[in-house]
Amino acid sequence: MSNEGTLKDKSARAETEAPGIKKAGRHVSQNEGLIFEKSVTGKRGIEFPPLDVPALDPATALGAEFARGGVEGFPEVSEIEVIRHFTRLSTWNYAIDLGMYPLGSCTMKYNPRVNEFVARLEGLATEHPLQPDKVSQGCLRILHDLQKCLLEITGMDAASLEPVAGAQGELTGLLLIRAYLESKGNARRKILIPDSAHGTNPASVIIAGYEVENIKSNARGQIDIENFRQFVTEDVAALMITNPSTIGVYEENIAEIAEILHSRGALLYMDGANMNALAGITRPGDFGVDVMHLNLHKTFSTPHGGGGPGAGPVMVKKILEPFLPVPVVTEKNGEFALDFNRPKSIGRVRAYCGNFGVLLRALAYTLAYGPGIRQATEDAVLNANYIRKHLEDVYDLPYNLPSMHEVVFSDARQKRHGVNTMDIAKRLIDYGFHPYTTAFPLIVSGALMIEPTESESKEECDLFIEAMRSIAAEAETNPELVKTAPHATRVGRLDEVAAARKPILRWKPRQHLDSTPHKVTATAVPTA
Amino acid sequence: MRYLPKSQSERQEMLDAVGAKSIEALFETIPAKYRLREALKLPGPLSEMEIIDYFKARAEETSRGYTSFLGAGVYQHVRSVVTDALVQRGEFLTSYTPYQAEISQGTLQAIFEFQTLMAQLTGQEVANASMYDGSTALTESVLMAERLTQRHRVLVARTVHPEYRQVLATYAKHLGIEVEEFGFTASGQIDLASIRADALAESAAVVVQSPNFFGVLEALGPVAEAAHAQGALLINCITEPLSLGVVRPPEAADIVALEAQSFGVPSSYGGPYVGVIATRDKFVRQMPGRLAGETTDAAGRRGFCLTLATREQHIRREKATSNICTNEALYALVVTIHLCLLGKEGLRELAAQNLAKARFAQEAMKAIPGVTLPFSGKIFNEFVVEFPRPMKHINERLLAEKIIGPLALDRYYPEQNNRGLLCVTEVTPRAEIERLAAAIRKIVAA
């Protein structure tokens, strides 16, 4: 095994120094064990002011029934060690701040730094969610201002800022549909979902107590309008659709789809994950959407932070407003308040009043652009089309419709050489890019889903194009090189099967004393 | 626009390359009648300085200069500049969910450390990579218990955070989960005797919170025993995890739903916070949320990757354990760094300081004529106070003294209209506790 490692490392050097790779070079990164492995009894990383009231012995105060000795295994390290530990870990990550992050459907755009600054202001970061409205006017006004902006951008009538993620927005929207239909006498049974949808859609439908009925996309990746008519029976509560769809194409019959649904008493839900293609250009409220959510951590630039937090505000038409979750932010003569007195409300979806810190950042983003948000959308769509234009002769384009903010290729051509979308994605890492989204949407076999966003310069797009073309060539001339990528990272492809078969989900003292697989060899060549 | 890295000539060059006559041509699939002809009516554009001015003005319209005695699930504790400096590194802040393990080892190892810290703290075997917050962690714990037991009823203590119970009600309603509540005794602890054995035998779980919403510690052993005897699970909810620095961990519980905001996360008017679910190894495949696991690459080097993804929506769609996708990763990192700084000693010392401050505040309240402490149970850093006047009367006058007083309990418990929930932590100066006591003494005497 160690022989293999050495050979691999040698080839890694060769391949990362190849003249074809312009964006990335090599540099040394620090090795670092787990924080628990650094712990030495008696060290600490923080000190407190002395206690200004009489001390109390916890053991005596709590008694044997409740008192605890200490937390077994908790780390004991100094401040500098904490700084180095997490700084070293950070250097092992790729990030938007380092370069293009073309994950389709994820809208990895620049996260403005001023948003971080204002989120930390004393008087905003320090506020308690249960404090009286009288001393929360600044927070409430931020929420109210954001609400107004989001309503203008989406063309909807009312909003709830309560949901804290896209998936929670979906659930909230579905509960609103249910409450509305119940008020009409019949909640109905089913939610229609195209087969190109995100996995959260069907998962949210189940929690809302509905059944999922999948509808097949037609040969063009769109909803087949004639076929669709037959699906919309008395049992159907709503259609849940992503527009543009997950292949980055505008659903051309969306207004007609809305009409069909409405004529049969059903509603149209729009997953706003791809709103980055529409903001400032067109408004869901105008083309027949009844309820939608936005992902503020996508379109509105709040940082993904390695997986979260997000915010998934829900925007609705008037008919759904009475059912919005509590609390709702209201304004009367310049006084802002949280309204809990809403008898038809679906209830609470989360404690307190939403992810305020995320909502605030989204407002900062919106204020930076103002009406100019249209330019961001235009640039995002231009980037996607530019990349498509320069790659469509080397990668298979399964749906040849005009692209909006993202383009979806398939690995059909490279598969002939035994190279699949995951291999290409991993090889992109060697070229200094984060991979695109692989193997989604499900309607494209071996999908390469590329969303550059507006944050990429022409130069970065050109480098990406060059890398993708170079990999396409490698797939023909040296498929092994692509199939074994990445070659320049701290670790190679990890054994995910073993990870799932015998899960090790936490550090334990003994298990790590027996083995030393974490000792990274000196020849490991890290990048990024 | 400063966020957009293109000149006009570059835009034209790219349009030419694409073969589009104009930028509008790229939007022609949108029917013309739905394309906006006018600019959106939005405030802005604002420069960086103007954005800062706007938010500074908003920050002036809040509680600066006030002393707050609010807790109730959101706590003011020390935060270190070290934590904030580290989480603002772009490599953490601006990275995505670590699906591409080879270039996400930093995030993945940090998650693994978070899971370990949470398991150690709660005395459980395994913890997930975070949930939205405590309220949704609790709700998801109930759904998890339902899957594990195939029972569709749950018994919930009225001493569990009322807003958490409201969230549970919203989710449970359409899943056919029946939620039954049970009361508390004069100690402020759950009334275990009020739970019937036949109700337990039909229930997926008993849900309690410790310290509970009244700040009182619950004895988990007896309730676990009662639940297990009837095949039900025990779910323990924790909204003040700092208590675990001195209080016995909920080892008797089968599932722990925790809000970790206390560990370095700002109160930020309600979020983002950090929910966590911790449980026994044998239940892990029914646990919602992401998990990072340890593994190796082909050269035998240790690495971490997301694992057991077959529980999750992106693989299982409608059969997933939950619809959760985005979680609170960055704030889980805040918690991780904060706990590493605290370490074993710091955690204990901080918890002990809270205990002492709360005792001091209890004595100060008890010394006021007409003011009583209605519950006799042991507490950590918050407790219920009963006043001879309605809370509204007390709090309006305290606010005039720039004090945000105890949380009026009648907001959630209409029958407890003269009672408030008072919280003190290590950041509440003794002088402010004394100022509060003096102000209340005056208000009550008037």
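Side notes on the structure shown:
- Verdict on B:Thr239 being modelled with pLDDT of 95 or more, within 11 Å of another protein chain (Cβ to nearest Cβ), buried (at least 19 other Cβ atoms within 10 Å of the Cβ) and closer than 26 Å to A:Gly69 by Cα: yes
- Number of residues in the stretch B:178-213 that are hydrophobic (A, V, I, L, M, F, W, C), part of a loop (DSSP other than H, G, I, E, B) and in contact with a strand residue (DSSP E or B) (Cβ under 6 Å, 6 or more places away or on another chain): the value is 2.
- Filtered residue count, the stretch A:108-130, keeping only those that are among the charged types (D, E, K, R), in contact (Cβ under 8 Å) with a residue 12 or more places away in the chain and within 7 Å of another protein chain (Cβ to nearest Cβ): 2
- Pair list, Cβ < 6 Å and 6+ apart or interchain, from the stretch A:268-284 residues that are over 11 Å from A:Ile241 (Cα atoms) to residues that are of a type in the set (Gly, Ala, Ser) and part of a loop (DSSP other than H, G, I, E, B): A:Arg283/A:Gly155
- Subset of the stretch A:318-359 that is of a type in the set (D, E, K, R) and buried (at least 20 other Cβ atoms within 10 Å of the Cβ) - its residue that is farthest from A:Tyr101 (Cα to Cα): A:Arg348
- Yes/no for B:Gly90 being assigned by TED's automatic domain parsing to the domain that holds B:Val160, at pLDDT 95 or above and over 30 Å from A:Glu256 (Cβ atoms): yes
- Qualifying residue in the stretch B:121-136 (condition: of a type outside the set (A, V, I, L, M) and surrounded by fewer than 24 Cβ atoms within 10 Å (Cβ to Cβ)): yes
- Condition check for A:Tyr101: outside the structural domain of A:His297 (by TED's automatic domain parsing) and farther than 28 Å from B:Ala57 by Cβ: yes
Matching residues to (1) modelled with pLDDT under 95; (2) of a type in the set (D, E, K, R); (3) over 25 Å from the mean Cα position of the chain (by Cα); (4) under 16 Å from A:Asp271 (Cα atoms):
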residue	(1), (2), (3), (4)
A:Lys190	no, yes, yes, no
A:Ile193	no, no, no, yes
A:Ser196	yes, no, no, yes
A:Gly199	yes, no, no, yes
A:Asn218	yes, no, yes, no
A:Gln222	yes, no, no, yes
A:Glu226	yes, yes, yes, no
A:Ala238	no, no, no, yes
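- Which listed residue is more than 10 Å from chain B (Cβ to nearest Cβ) and in contact with a strand residue (DSSP E or B) (Cβ under 7 Å, 6 or more places away or on another chain), from A:Ser445, A:Ser470: A:Ser445
- Residue check for B:Ala39: facing chain A (nearest Cβ under 7 Å) and within 19 Å of A:Ile153 (Cβ to Cβ): yes
- Answer residue from the stretch B:173-209, given it is small (Gly, Ala, Ser) and buried (at least 19 other Cβ atoms within 10 Å of the Cβ) and is farthest from B:Leu138 (Cα to Cα) among those: B:Gly188
- Candidates in the stretch A:89-107 are the residues that are more than 22 Å from A:Lys22 (Cα to Cα) and facing another protein chain (nearest Cβ under 8 Å); of these, the one that is surrounded by the fewest Cβ atoms within 10 Å (Cβ to Cβ) is A:Ser90.
- Hey, A:Ala197 within 9 Å of chain B (Cβ to nearest Cβ) and either hydrophobic (A, V, I, L, M, F, W, C) or surrounded by fewer than 18 Cβ atoms within 10 Å (Cβ to Cβ) (or both) or not: yes
- Hey, B:Pro374 touching a strand residue (DSSP E or B) at 6+ places or on another chain (Cβ under 8 Å), surrounded by fewer than 22 Cβ atoms within 10 Å (Cβ to Cβ), outside any helix (DSSP H, G or I) and modelled with pLDDT of 95 or more or not: yes
- Residue check, B:Thr295 at the interface with chain A (Cβ under 7 Å from one of its Cβ atoms), touching a helix residue (DSSP H, G or I) at 6+ places or on another chain (Cβ under 9 Å) and β-branched (Val, Ile, Thr): yes
- Applying the criterion of at least 3 residues that are modelled with pLDDT of 95 or more to the helices (runs of 4 or more DSSP H) found wholly in the stretch A:1-113 leaves A:35-38, A:58-66, A:79-90.
- Spans of helices (runs of 4 or more DSSP H) in the stretch A:142-257 with at least 1 residues of a type in the set (Gly, Ala, Ser): A:166-183, A:200-207
- Top-ranked residue of the stretch B:1-36 - restricted to ones that are more than 9 Å from chain A (Cβ to nearest Cβ) and over 23 Å from A:Pro244 (Cα atoms), ranked as surrounded by the fewest Cβ atoms within 10 Å (Cβ to Cβ): B:Gln8
- Condition broken by A:Glu321, with the remaining ones in (1) modelled with pLDDT of 95 or more; (2) in a loop (DSSP other than H, G, I, E, B) satisfied: (2)
- When every residue of the stretch B:145-161 is checked against the conditions, at least one turns out to be assigned to a helix (DSSP H, G or I) and under 11 Å from B:Ala257 (Cβ atoms).
- Look at (1) more than 12 Å from every other protein chain (Cβ to nearest Cβ); (2) charged (D, E, K, R); (3) within 30 Å of B:Leu42 (Cα to Cα); (4) assigned to a helix (DSSP H, G or I) and you find that A:Arg413 fails only one, number (3).
To keep it simple, each residue is scored yes or no on (1) without any contact (Cβ under 8 Å) to a residue 40 or more places away in the chain; (2) within 13 Å of A:Gly248 (Cα to Cα); (3) not assigned by TED's automatic domain parsing to the domain that holds A:Gln147.
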| site | (1), (2), (3) |
| --- | --- |
| A:Gly354 | no, no, no |
| A:Ala380 | no, yes, yes |
| A:Tyr386 | no, no, yes |
| A:Glu392 | yes, no, yes |
| A:Pro398 | no, yes, yes |
| A:Met404 | no, yes, yes |
| A:Ala412 | yes, no, yes |
| A:Gly418 | no, no, yes |
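- The residue of the stretch B:42-88 that is nearest to the other protein chains (Cβ to nearest Cβ), among those that are within 28 Å of the chain's Cα centre (by Cα) and among the acidic types (Asp, Glu), is B:Glu61.
- Looking at B:Ile368, B:Ile324, B:Ile337, just one residue is buried (at least 24 other Cβ atoms within 10 Å of the Cβ) and assigned to a loop (DSSP other than H, G, I, E, B), and that residue is B:Ile324.
- Residue match in the stretch A:335-348 (condition: at the interface with chain B (Cβ under 8 Å from one of its Cβ atoms), of a type in the set (Val, Ile, Thr) and touching a residue at least 24 places away in the same chain (Cβ under 8 Å)): yes
- When A:Met422, A:Met449 are screened for being over 15 Å from A:Arg469 (Cα atoms), within 23 Å of the chain's Cα centre (by Cα), in a helix (DSSP H, G or I) and not assigned by TED's automatic domain parsing to the domain that holds A:Glu252, only A:Met422 passes.
The values are calculated or read from the model by the stated rules, or taken from the named source; none is laboratory data. The structure displayed is predicted, hence computed values, not measured ones. Cβ coordinates were reconstructed from backbone atoms using ideal geometry, including for glycine residues, and neighbour counts include every protein chain displayed.
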